[in-house]
Amino acid sequence: MNYPEWEDFWIKFKFAFLQKSNLQILGLVNFPLLQNDENVGDIEFLDKWASQLNGIETATEPVEVEDFPSYAKHIAHMDTVRHINFEQMDLYFARVNGYYRLVQIITPR
């Protein structure tokens, strides 16, 4: 489940949610995931967020982000951040230790 190239990761990410494959989904998320200002673990992510990301395959291509929120300081070896807005959620993806992962979800308060 390690994808160093964005295009490969994005295809697999969309497909994992389309197939509702929890094992694949968990392999594509960096835990603890930051949701707004709180850490989210794998079980909570599956319970709450996995279903909310159904339909992500219809989302547009994420764009690179030059300035990333301060959360990036908490993830060692993180680079190449991408962003997409989906269903009023801002999703941030980054290459962590050389492989892309979902690292943060920001939702309206």
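The values are calculated or read from the model by the stated rules, or taken from the named source; none is laboratory data. Predicted, not measured: the structure shown is a model, and the values here were computed from it. Ideal geometry is used to build each Cβ from the backbone, glycine not excepted, and the neighbour counts take in all protein chains shown. The area values use the complete protein model at the heavy-atom level, side chains included, leaving out ligands, DNA and RNA. Shrake-Rupley method; radii C 1.70, N 1.55, O 1.52, S 1.80 Å.
Just a few scattered comments:
- Exposed loop sites here are GluC sites (Glu not before Pro) assigned a DSSP state other than H, G, I, E or B and surrounded by at most 16 other beta carbons within 10 Å; excluding them, the longest clear run of the chain is 6-65.
- Amide hydrogen neighbours beyond the local backbone of SER21, cut-off 5 Å, H modeled: none
- Among ILE11, ILE56, ILE84: highest mean-square fluctuation, GNM of the chain, C-alpha pairs under 10 Å: ILE11
- Close lysine pairs were tallied over the chain: pairs 8 or more places apart or on different chains with Cα atoms under 22 Å apart number 4.
- Accessible surface, the chain, averaged per residue in Å² (probe 1.4 Å): 56 Å²
- Fraction of accessible area attributable to carbon and sulfur, the chain (%, probe 1.4 Å): 46 percent
- Per-bin percent of Cα-Cα distances, the chain [5 Å]: 2, 12, 26, 28, 22, 9, 1
- Helical mean residue ellipticity (222 nm; -39500 (n - 2.57) per DSSP H run of 4+; nearest 500) of the chain: -5000 deg cm²/dmol
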